[in-house]
Structures are given as structure tokens and as C-alpha cells.
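Notes for the one structure printed next.
The values are calculated or read from the model by the stated rules, or taken from the named source; none is laboratory data. These figures come from a predicted structure and were not determined experimentally. Here the Cβ positions follow ideal geometry from the backbone for every residue, glycine too, while neighbour counts run over all protein chains shown.
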Amino acid sequence: MNHSPSSLRYAWYVVGVLMLAYISSFIDRQVLTLLVKPLKRDFGITDTQVGLLIGFSFAIFYTLLGIPIGRLADRKSRKSIILWGITIWSFMTVICGVTDTYGELFWARVGVGIGEAALSPAAYSMISDLFPRQKLGTAMGVYNLGVYVGSGLSILLVALILKLINVEGMWHVPFFGDVYPWQSVFFMVGLPGLLIVLLIGFTIKEPIRQQSRKEAIAMSEVIQYFRGNQASLLCLFFGIAFMAFSSYATTAWIPTLLVRKYTFTESQAGLLLGVVITVFSTLGVYTGGRYADKLTKDGVADAKMRVGFQGMLIGTALAGVVLVMMIFKLIPLILLVGLLAMICFFTSLPYGAATAALQEMVPAPMRATFSAFFLFIVNIVGLGGGPLAVGFINDKIFGDTQQVHLSWAISVLIGCSLSCMLLFKGLKPFVRSIENAKQTS
């Protein structure tokens, strides 16, 4: 494929627009993080139920539908798939704003997950067709900035909105009846997604596929390739899944930790965490992609997997320090914020590099399908497990809402250490899979 300066400029534009869609998806996905207190008060639920609502409700169909959508993206228009996905998740986010029971909100969150399942498998495949190998890590890193910019902005936006509205009492919404004021947040973050639909629809074209052998590969061939490369693929999939486990546990519960242990208001907690994630996690994922590309140019065969291992090794050490200091009550607020910033930076290093690694590990006609498998595992383990683990440990092991700091630190240490071990184990198999992908294409 010709990668002229003009084609690369257009490719970077596509990455920027897709990143904007990813930011929107994470704002809609993470919007509940600062609403734990009014949600528990008005719906009368436990920390475990909060964990289920933030993570598992979203992850159910997000993960299950990702695989068939990935198969579809290897055969049909990826642009159309993305447009339908954004429309569905934006609409379902708005629906969250008019639910009046826990069960209704749970199923509305399921609908958000259904829409968001369409984005990343198709986006990964599109980006891989637009960039040469030596720039793919940076391109994927820029796209994946959406994870952390979206997470940070969602917390910042909700924090600012909560300062402007009274979170008690009821508001009347025409056609829907009475809703809680905090539910208006869902309208404010859901409706702008429809503008992104117009932007993609009118300014982006479906890329030409880099498929050298044939247009579509049968599922039996995908399974055969997986069996021949399962060591590298499973190490990458679960290594990043446990990285996400620690990240989602942090995003979901740090605001509540700050409220319960450091007497913050929800708005103050959101502003603090939003700034930390937006700055340090965003810097981490971009740095990881750039660093992986540099190592690739320098001839390091396992560069993209190695960056992930190095980031999680440091993240594990930092998580261990935090847990020990919390056990002995030696962690004042300023130190917690500093350690949290470093954890966010180093645990986000792997993400851009890892998604680029996956594109190198599998043949071009299988990329969207394997991306869907990757996201299936990452979100079942990370999004489904991370927020739930903190709530479960708090309710069932400590039985004390004031121990949320220990529940969070334990969850993060578990996620980081498992991620580090798996990414290290996958270094050598990763190199073999790169060669297998070249031979299979």
C-alpha cells in the first residue's frame, strides 16, 4: 500500500476522528463513577451492586457481541458498523437518564455496551490498513488515548455538572415523568455522540483492505491460527486484561475512596481523579506507542510486547508500595496522589503498544476478528472484574465501607502482578507469531 505524505495526513485525520468517538464512548461508559453516592441513596443498593452496574452490566453484551461484530468487520463496511454503534450507545445513554429502578438502569447500561461493541474491532482494522508497520504503534497509541482522555473527561464533566445541580429531590421530564436530578448527566453526555455520527459519515471513507490472499477467511482458519499461536495470543489477551482490571478498579473506586477516607465531595474527587487520568494516563499510552515504535526501528523483535511488560513491572512495584503504606496508615493525601499518578502512567504504557502488537501477530484478513476476541477477554476480566472486585472485597471480606482503600489497593496489586507475569511469558512466543502471520497472509 502507498503511504504518501498526503495519504498519511488523511490517515492521521481518521485516527483523530476515531479517537474522538472512543473518547465519547468512554465518557458514556464511565459516567456512573461519580454517581455512587446518589445512586446508592436513591436506589438503595450495595457496593457489590454498584460494581456490577459500573462494570458487569456494560460488559455482558459488549464482550459477547464483539466477536460476531469483529467477524462482520472483516467482511463488511467497517465505517457503517461504527456509525450504527455510535448511534445505539448514544441513544441508550440517554435512556439511562429516564430509568427509575436499579433493574431498568442495569439493562439500559447493557444497551450502551451493545452499541460500544461495534467501535474498536472495526477501528483497529481500519487503522491497520492506513499505516505502515513502523508507525502503527504510535497510531494505535493515539487512538487508545480515547480510553484515558474519555475516562478523565467523564469524571471531570460529571464533577462539574454535580456542582451545578441539586442531587436530591426530583425533576419532571416531559413524556417520561419524574427523574432524579443526577440522571440529567446522561442526557448531557449521550446526545453529543450523534454529532460524531455526522462527522464520520461525511468525512471518512472505508479504507482499502490490506488482504493479500482473499477477501475473507473462514472461522475454521481463524481457530486453526489461534491454536498454532495460542501461547502468545493468550499471554497478550490476559496480560492486557489484568492491566485493565487494575485500571477500571482505579477509575471506578478512587472517587469513592477520596470521599470516604479523605472527606472530599464528589465534585472535588472527580476533579482530582479526572486531571490525574487525563494527564498521566494519556501521557502513558502515547509514550508507550512511541517507545514501541522506536524499539521496532532499532530492531527489537519483541518491542511491542516488551513495552507492556516493562510498564506493568513498574506498576506492580508501585501497587505493592501503596498497599503496604495503606496497611500501616502511612499514606497522606499528597503521597497518594503522587503514587496514583505514577501508577496511571506506567499501567497505561502497554495499551497502545499491545493493540499494535495484536495487528502484527495475526494475518490481515483476521485482524478485526482477533481484535474482537482480544476485547472480549479484556473487558470480561477488566471491566467486568475490576470494579466488582473492589466492591466484593469491601462487602464480603472486610464488611466495612471504610476499608475501600485496602480493597482498591489489593485489587490493583492483583491485576498488575498477573499482567506483568503474563506479558513476560509471552515475549518469545510473540516473535514467533509475527513470522507466522507473515507466512499465513
Any chance Leu64 is within 22 Å of Phe376 (Cα to Cα), part of a helix (DSSP H, G or I) and in contact (Cβ under 8 Å) with a residue 60 or more places away in the chain: yes
Condition broken by Ala123, with the remaining ones in (1) under 16 Å from the mean Cα position of the chain (by Cα); (2) in a loop (DSSP other than H, G, I, E, B) satisfied: (2)
Subset of the stretch 411-435 [part of a helix (DSSP H, G or I) and surrounded by 23 or more Cβ atoms within 10 Å (Cβ to Cβ)]: Ser411, Val412, Gly415, Cys416, Ser419, Cys420, Leu423, Phe430, Ser433
Tally of residues being under 19 Å from the mean Cα position of the chain (by Cα), surrounded by fewer than 20 Cβ atoms within 10 Å (Cβ to Cβ) and modelled with pLDDT under 85 across the stretch 12-41: 0
Residue pairs meeting the criteria (Cβ under 7 Å; at least 6 apart or on separate chains; first in a helix (DSSP H, G or I), in the stretch 369-393; second buried (at least 24 other Cβ atoms within 10 Å of the Cβ) and acidic (Asp, Glu)): Thr369/Asp74
Some residue of the stretch 34-53 being part of a helix (DSSP H, G or I) and farther than 23 Å from Pro181 by Cα: yes
Total residues in the stretch 272-317, condition under 14 Å from Ala356 (Cβ atoms), in contact with a Leu (Cβ under 6 Å, 6 or more places away or on another chain) and of a type in the set (S, T, N, Q): 0
Output for the stretch 87-120, where each listed residue is in contact with a Ser or Thr (Cβ under 9 Å, 6 or more places away or on another chain), small (Gly, Ala, Ser) and in a helix (DSSP H, G or I): Ser90, Ala108, Gly111, Gly113, Gly115, Ser120
Yes/no for Ala301 being of a type in the set (Gly, Ala, Ser), under 20 Å from Arg432 (Cα atoms), in contact (Cβ under 8 Å) with a residue 12 or more places away in the chain and assigned to a loop (DSSP other than H, G, I, E, B): yes
When residues of the stretch 364-390 are limited to those that are crowded, with 24+ Cβ neighbours inside 10 Å and of a type in the set (Gly, Ala, Ser), the one nearest to the chain's Cα centre (by Cα): Gly382
Filter result for Ala354 (small (Gly, Ala, Ser), farther than 22 Å from Gly137 by Cα and under 18 Å from the mean Cα position of the chain (by Cα)): no
Qualifying residue in the stretch 267-280 (condition: surrounded by 23 or more Cβ atoms within 10 Å (Cβ to Cβ), in contact with a Pro (Cβ under 8 Å, 6 or more places away or on another chain), under 27 Å from Ile67 (Cα atoms) and modelled with pLDDT under 95): no
Contacts under 7 angstrom Cβ, first residue in the stretch 400-411 being within 11 Å of Ile254 (Cβ to Cβ) and at pLDDT below 95, partner polar (S, T, N, Q) and in a helix (DSSP H, G or I), 6 or more apart: Val404/Thr256; Val404/Asn394
Checking Thr251 against (1) surrounded by fewer than 22 Cβ atoms within 10 Å (Cβ to Cβ); (2) within 25 Å of Leu52 (Cα to Cα), the condition it does not meet: (1)
